[in-house]
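J.: Can you keep this structure in mind? I'll have questions shortly.
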Amino acid sequence: MKKAILPLCWILAMVGIFKLADSFNRKSEHFFGIADNREQNISFQYPVEIIQTLALEGEDVAQGMAILEVKRHDLTSSQNTLDEQIKKLKLEKNEAHQTITSQIESLVANKESTLADIDQKIHEIEARLQLIQHNKMLAESISGTHIAQETPTSETLEIADLEKKRHYAAQAIQAEINNLTQQLNATRRPVDAQIAELQGNKTELQRQNKSLRVNAQFNGRIGSIHFKPGDLVAAFQPIMTVNSLAPTNVKGFIQENILNEVRIGQTVWVKSITLNHDEPPLEGIVESLGNRIVEYPERIKKDPLINAWGREVVVRLTTKNSLLFGEKVDIFLSQKEPPFQWLTLIGKVHAGSQDTRKAAPLPTLTTANPKIDMTNIEASALLWNPKESHYLLLSDEQDDDRPGIFILDKNVVVTDKLVMQDDTSIDDLESISTDGDYIYVSSSLAYNKNDELKSKRKKLLRFKYQHNQVTTQQEADLFEVLTAIKDKQPESKVATFLTQAMSDHSIDIESHFVKDNALYLGFKAPFIDGNSTVIMKLNNLEAIFAGKDTAAEIWQTLALKDPNTGEPTQLSDMLVVDDRLFLLSVARTSAKNSYLWRVMLKDNSLKNLAHFPDVNAEGVTYRPDIASLVVVFDEGKNNTSKYQKLTLDGAAQ
């Protein structure tokens, strides 16, 4: 027995040495970082006076909550100056109008007087000519002989000369009248351009006046307040800070031997370096990578005296966490069990018992029709049709080269596919609505991956149907309609927005609804003012389908910002229910996140109702008989779409 112990010890020692050597040669799969937060630093580019602070240091605030009100002293005087300048230009315009009108009236009177004088002279010559003719006839009757007439007579030549003079005089004076009339009726005069510019400046000052009441951009906590009411604050001086409630991202540094192991969009796992084995690692998404090698911060270095270098990386945390701001964390490229597996198991059990708020999985769309393959349906919009007591579901790509519009029963089960007319040519279906008579379907107008916008992606379609067969159908080229609006309203905000959207090929319309013969278009892209979604109103829908012109206006601009990060999200669908506008939006990042919003149209107040993590919400409809919103989620190609029923307050049913 004693003889066997020594060889066994040697074997164990060799195994240990090999394991140790292997660990030295193995490539590291983790790196360190610092937990960071999102911060809203409030300052102004002009001097202001603090009117009131509407929150206290350390107080939690919700997205959209008013937190600060200031006053800009030079704003009122600037507005008064602009008002005076506009008033002066309008007076000059009116004076010029009256002057031109007076000149026209004078020319008309001069024309009438000149023509009357010439007509009088012609009349006198004609009277003289008649007298000569009378005397000639009298002389012939007395003498009984015929007296030859001079041809042409001097009177006749004089009359012809006066008539020519009359024609040219009338033509010359009328030309002056026409010129002045054209000036009077001109729509683009220099003074009009000056007034329009000043009106634009006034509008900007009014916008700045509204922006003097500051709202929280995301759910967070008031950090520092540097001034009190009544204080005068210089331009660009920080007044207040708002921090996120918990760290939202981690700034890490990748060592050079694993630079190529990390990519944008990759899932990583973040764990505090404190010895707390009960806490499972946090899941994160790599948001960005630096483009250069930098020196590690002091806190990241293993030895402050030894220089270390690496590549910067920003990881966005996808779940709520209990990390501290500035806490040092370990970032793993793969999810691994810690050395003490029994502690890990205990931690997992503990975490599972604590996580009672985890959302239930979303129901998957199913079909009762064996001919329909659910993996070919990429849900992009949903509509409840009360006349037929069923849903209509859009699939954004064509199914078998035909528009993908499917019929769903009350239980959200796909039962059939709508049969369109043979000449239907539409693609990239993104939104559906009804006005109680017609069903309306719109393409996105978005350019494809080859930067091409084909005619099938430009369509607005409306139809009526019975059972599963379309009976009446019309279509319009929505892109041409918007182009005509842009050209006919060149000075409007609509034209400015559409010009940008069309010139840089960023136009993308993913939602619409119809109300009172007006078409409302929700733009996924581009944003206006850098972060606001645009909803445009086209005033006459019947004119669109009749091939006639219509006018448009910017109906709403909404900043649909992620409540936790403050990052803008993109509109994916919208719906009006009475005086409430419901909207869906999706995150612009590679990570899937969707949000349900409500706008009260009476006061335009915006509220986030629900957050859907890890999915893309594409369509929403309202079913009044059960007072429910129904949302559909696109799970991507070859995956079955999902849905969720919600109350009007955004709670799951």
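The values are calculated or read from the model by the stated rules, or taken from the named source; none is laboratory data. Since this is a predicted model, take the numbers as computed values, not measurements. Every residue, glycine as well, gets a Cβ built from its backbone with ideal geometry; the counts of neighbours run over all protein chains shown. Accessible surface is based on the protein model in full, side chains and every heavy atom, while ligands, DNA and RNA are left aside. Shrake-Rupley method; radii C 1.70, N 1.55, O 1.52, S 1.80 Å.
J.: Does Lys87 satisfy being of a type in the set (Lys, Arg) and surrounded by 13 or more Cβ atoms within 10 Å (Cβ to Cβ)?
T.: Criteria not met by Lys87.
J.: When you scan the stretch 588-631, how many residues do you find that are more than 18 Å from the chain's Cα centre (by Cα), of a type in the set (Lys, Arg) and assigned to a loop (DSSP other than H, G, I, E, B)?
T.: Here the count works out to 2.
J.: May I pose another question? Restricting to the stretch 225-248, count the residues that are within 26 Å of Gln335 (Cβ to Cβ) and out of contact with any Gly (no Cβ under 8 Å at 6 or more places or on another chain).
T.: Within the stretch 225-248, residues that are within 26 Å of Gln335 (Cβ to Cβ) and out of contact with any Gly (no Cβ under 8 Å at 6 or more places or on another chain) number 3.
J.: If I filter the stretch 458-469 for residues that are on the phi > 0 side of the Ramachandran plot, open to solvent by 20 Å² or more (accessible area, probe 1.4 Å) and touching a strand residue (DSSP E or B) at 6+ places or on another chain (Cβ under 8 Å), do I get at least one hit?
T.: no
J.: Can I ask one more? Would you confirm whether or not the stretch 44-54 contains a residue that is open to solvent by less than 60 Å² (accessible area, probe 1.4 Å), assigned to a loop (DSSP other than H, G, I, E, B) and closer than 14 Å to Met240 by Cα?
T.: Yes: the stretch 44-54 contains one or more residues that are open to solvent by less than 60 Å² (accessible area, probe 1.4 Å), assigned to a loop (DSSP other than H, G, I, E, B) and closer than 14 Å to Met240 by Cα.
J.: Sticking with this structure for a sec: With the requirement that a residue be over 26 Å from Val586 (Cβ atoms) and buried (at least 19 other Cβ atoms within 10 Å of the Cβ), what does the stretch 479-519 give you?
T.: Selection gives Val481, Ile485, Lys486.
J.: Which one of these is of a type in the set (Val, Ile, Thr) and outside any strand (DSSP E or B): Ile293, Ile306, Ile285, Ile331?
T.: Result: Ile306 is the single residue among Ile293, Ile306, Ile285, Ile331 that is of a type in the set (Val, Ile, Thr) and outside any strand (DSSP E or B).
J.: Could you check the stretch 209-266 for strands (runs of 3 or more DSSP E) lying wholly inside it with 1 or more residues that are small (Gly, Ala, Ser) and open to solvent by less than 20 Å² (accessible area, probe 1.4 Å)?
T.: Qualifying strands (runs of 3 or more DSSP E): 220-225, 240-244, 249-255.
J.: Regarding Thr319, is this residue open to solvent by 60 Å² or more (accessible area, probe 1.4 Å), in contact with a strand residue (DSSP E or B) (Cβ under 7 Å, 6 or more places away or on another chain), at negative phi and at pLDDT 80 or above?
T.: Against the criterion (open to solvent by 60 Å² or more (accessible area, probe 1.4 Å), in contact with a strand residue (DSSP E or B) (Cβ under 7 Å, 6 or more places away or on another chain), at negative phi and at pLDDT 80 or above), Thr319 does not qualify.
J.: Note down all Cβ pairs under 6 Å where the first residue falls in the stretch 642-653 and is within 16 Å of Ser594 (Cβ to Cβ), the second is of a type in the set (S, T, N, Q), and they're at least six residues apart or on different chains.
T.: Lys642/Thr364; Lys645/Ser628; Lys645/Gln653
J.: Here's a check for you: in the stretch 520-535, which residue that is touching a Ser or Thr at 6+ places or on another chain (Cβ under 9 Å) and not in a strand (DSSP E or B) is surrounded by the fewest Cβ atoms within 10 Å (Cβ to Cβ)?
T.: It comes out as Asp529.
J.: Does any residue in the stretch 127-140 that is assigned by the TED database to the domain that holds Thr156 and without any contact (Cβ under 8 Å) to a residue 60 or more places away in the chain come within less than 7 Å, Cβ to Cβ, of a residue that is part of a helix (DSSP H, G or I) and open to solvent by less than 100 Å² (accessible area, probe 1.4 Å) six or more places away or on a different chain, and which pairs are these?
T.: Note: pairs meeting the criteria are Arg128/Glu155; Leu129/Glu155.
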